[in-house]
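Worksheet: one structure, shown below.
Laboratory data are not the source of any read-out in this text; all were calculated from the coordinates shown. Computed from a predicted model, the values in this text were never measured in an experiment. Neighbour counts run over all protein chains shown; Cβ positions are idealised from the backbone, glycine included.
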Amino acid sequence: MKSTGIEIRTVGPRQMMTTIEVPGEIKPVATRVAHVVPRLEGLVIDVLKQAGDTVRRGDLLVVINSRELADAKSAYLAASHHVEFASVRLDREGYLWKKKISAEQDYLEAQRTFEEAGLTERVAAQKLVALGESAASLKTLAMDPPEGLPRYEIRAPLDGTVIERDITAGEVVAGDRNIFVIADLSSVWVEATITARDLSAVYLGQQAVVQSKDLGRDATGRVTYIGSVVREETRSAPTRIVIPNPEGKWRPGLFVSVRLVENSTTVPLAVLAEAIQTFRDWQVVFVRYGDWFEARPVELGRSDGAWVEVRKGLSPGEQYAATNSFAIKAEIGKLGATHDH
């Protein structure tokens with residue numbers, strides 16, 4: 001026992017959790033992924049972030065020189081100046097009308113011109129906001145130098161990690177091109193595939209253990225989504241589990257195994273799974289009697305991977321070889337060979 005590391009345990013009751021094990025893949029949470037597009041055609045002046053960089057909401061990603069933006073800013077400035085001129089004229093015509101120096105018609109015409117100028121300014125401002133300019137920046141736009149009119153700054157829409165970058169300084173980029181993909185990976189989805197026969201055992205909120213042999217780590221999460229349609233080609237439905245990822249170790253694209261806890265129950269008798277050995281035509285557990293071990297045939301029941309229920313063959317309180325029991329099986333084999341000789 002000492003030389004082979006055999007551990008002795010006692011047969012007794014055990015709380016077991018039956019599980020379903022399925023393959024899965026790490027994916028970013030879809031609601032926390034941003035596809036960044038310029039919305040304007042232009043010449044790329046500078047690219048400040050690379051794939052793998054961590055960004056905060058509002059961080060500058062890229063600077064583009066855009067003629068369309070320059071035209072939109074010029075239109076807004078012209079509209080703002082028109083509003084100023086129309087306001088001065090309205091005040092003057094209002095004063096003259098009240099003094100009965102000019103006709104009411106001149107005052108009404110000035111009022112209409114002022115309202116139209118205001119509408120044109122609002123439309124121009126809304127276009128700039130739609131292109132990514134902040135409403136606050138419009139107030140100081142008139143003070144910007146002329147060379148700043150075509151400068152288009154694209155900023156990060158959320159906190160996260162740059163997982164894709166498709167833009168290079170010096171190129172002309174189209175307004176509908178996907179130039180960055182940013183994902184918040186502080187938590188990730190595990191998309192598992194559940195076969196039709198196991199779907200009845202899966203439910204929302206169910207506990208799941210996600211394990212990666214490549215990383216040598218596991219994480220616990222809960223089922224947050226179960227597909228309502230079974231895919232015809234695989235006869236399975238997608239299921240998602242959310243797991244925390246504060247260190248960023250769970251990377252999208254990583255394949256994992258998912259163990260879903262089906263239910264928990266207490267069985268009267270259970271032994272460690274590694275204690276079970278095949279001996280002749282039986283499944284046996286090696287029970288200890290003083291300095292001897294007996295190969296005891298057993299009838300097994302449910303298993304949670306680590307423990308196995310014993311329905312027949314053992315009694316409560318009996319001691320058995322829980323670990324390295326294969327060494328006992330090997331010794332019995334040697335004895336048998338000696339007697340045959």
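What the Cα atoms of region 1-134 give is an Rg and a Dmax of 34.2, 119 Å.
If R0 is taken as 30 Å, the Cβ-Cβ distance between Ser257 and Val230 corresponds to a FRET efficiency of 0.90.
Under a model in which nothing but the beta-carbon of Lys, Arg (+1) and Asp, Glu (-1) is charged, region 197-272 shows a dipole of about 120 debye around its Cα centre. Measuring nothing but how far apart in sequence close Cα pairs (under 8 Å, 6+ apart) lie, relative to its length, the chain scores a relative contact order of 28 percent. Of interest is the spacing of the C-alpha centroids, which for region 231-262 and region 76-118 amounts to 66 Å. The Cα center of region 1-17 and the Cα center of region 180-208 differ in position by 35 Å. Expressed in units of 2.2 N^0.38 Å, where N is the residue count, the Cα radius of gyration of region 163-236 is 1.67. The angle between the Cα long axis of helix 104-130 and the main principal axis of the chain comes to about 30°, on a 0 to 90 degree scale.
Across Gly170, Gly58, Gly290, mean-square fluctuation computed from a Gaussian network of the chain (C-alpha pairs under 10 Å connected) peaks at Gly290. Within the shell defined by Cβ-Cβ distances under 12 Å, the residues around Val188 carry a net charge of +1, with Lys and Arg each +1 and Asp and Glu each -1. Within the set [x] 27.3; [y] 20.8; [z] 20.2, the number that Kirkwood radius over Cα pairs in Å takes when calculated for this structure is listed as [x]. The longest part of the chain holding none of the exposed loop trypsin sites (Lys or Arg not before Pro), meaning those outside H, G, I, E and B in DSSP with at most 14 other Cβ atoms within 10 Å, is 281-341. Eigen-decomposition of the gyration tensor built on the alpha-carbon atoms of region 67-149 gives equivalent ellipsoid semi-axes of 32, 12, 9 angstrom, largest listed first. Straight-line cross-link partners of Lys213 among the lysines, defined as a Cα under 19 Å from its Cα and at least 8 positions apart when in the same chain: Lys27, Lys249. Checking every one of the GluC sites (Glu not before Pro) in region 235-341 against DSSP loop status and a limit of 10 other Cβ atoms within 10 Å picks out Glu247. Segment Asp46..Lys249, full-extension length gain: 70.0 nm, with 0.36 nm per residue of separation and the alpha-carbon distance subtracted. Within a straight-line Cα-Cα reach of under 19 Å, Lys73 can be paired with the following lysines, leaving aside sequence neighbours fewer than 8 residues apart in one chain: Lys127, Lys139.
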